[in-house]
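Below you'll find the structure, written out as structure tokens, and then a few comments.
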Amino acid sequence: MDLELYDQTTAGATPEQIKLVKDLIELAGSTLKLKDDTEVSVTLMNNDAIQKINETYRGVDRPTDVISFAMHDDDEDDPIIMDPEMAAELPLNLGDIMISVDKVAEQAAFLNHSEARELGYLVVHGFLHLNGYDHLTPADETTMFGLQRQILDAYGLEK
């Protein structure tokens, strides 16, 4: 996986948080059998920044824990048409994941588990959304949450 990690937090992300994000993205990509040159970005930020994004793109004026912006949508009206060989050589850019570290701390305390577990959950959750997984129906929720649990357990972040 080709990961771009951005730290926009006021206090600065810890080396442990950065390692966790990198390791989980790699593990999740491997679990989904994605090509090594698949691209994704993760931005760690505070509540005020994610609240602005949440309001701008979702019309919800409050902070949220994670937002994913998929680069490719199946419903694109104007796809780029190119030679299949050329298209096969281009890396797949999945999109962007934005996570509030303030929400990580709040939710970890509320759920009585570690901040590492909460950050890991949000990273994997956002990553799966970028790969087309969702939880809008009970069947989809079972599939997505089962895969989340599998990845988190494999990393050692059991609930």
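The values are calculated or read from the model by the stated rules, or taken from the named source; none is laboratory data. Because the structure is predicted, anything quoted here is derived from the model rather than measured. Cβ sites come from the backbone with ideal geometry, for glycine too, and all protein chains shown count toward neighbours. Areas reflect the complete protein model, heavy atoms only, side chains present, ligands, DNA and RNA absent. Shrake-Rupley method; radii C 1.70, N 1.55, O 1.52, S 1.80 Å.
Below is a table of values for the structure above.
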| item | result |
| --- | --- |
| Cleavage-rule hits (trypsin sites (Lys or Arg not before Pro)) in the range 12-44: DSSP loop, at most 12 neighbouring Cβ within 10 angstrom | K33, K35 |
| Tensor-based shape of the range 8-66 (alpha-carbon gyration tensor, a/c under 1.5 rounded, otherwise prolate or oblate) | oblate |
| Pairwise FRET efficiency - H135 versus D37, Cβ, R0 = 35 Å, nearest 0.05 | 0.80 |
| HN-Hα J in Hz across the range 21-30 - Karplus 6.51, -1.76, 1.60, θ = phi - 60°, x for Gly and Pro | 4, 4, 5, 5, 4, 4, 5, 5, x, 5 |
| Mean-position separation - Cα centroids, the range 87-159 and the range 2-77, in angstrom | 10 |
| Cα lying deepest toward the dipole's positive end in the chain, options T43, A139, L122, charges on Cβ | L122 |
| Student exercise, the chain dipole from Lys, Arg, Asp, Glu Cβ charges, in Debye to nearest 20 | 820 |
| Solvent exposure ordering (accessible area, 1.4 Å, most first) of I18, I151 | I18, I151 |
| Accessible surface of S41 - all protein chains present, 1.4 Å probe, nearest 10 Å² | 10 |
| Other-chain or far-sequence residues with amide H under 5 Å of T64's (modelled H) | Q51 |
| Residue among L92, T56, T31 farthest towards the positive dipole end of the chain, charges placed on Cβ | T31 |
| Within-13-Å neighbourhood charge of S41 [Cβ basis; K, R +1; D, E -1] | -4 |
| Nearest-10 value in Å² for the accessible area of Y6, using the 1.4 Å probe | 110 |
| Extension gain, T143 back to K52 (0.36 nm per residue minus Cα-Cα distance, nm) | 29.7 nm |
| Sites T10 and M71, calculated FRET efficiency, Cβ-Cβ separation with R0 22 Å, nearest 0.05 | 0.20 |
| Beta bridges by DSSP in the chain, antiparallel share as percent, to the nearest 5 | 30 |
| Cα-based shape type of the chain, given that a ≥ b ≥ c are square roots of the gyration tensor eigenvalues and the cut on a/c is 1.5 | prolate |
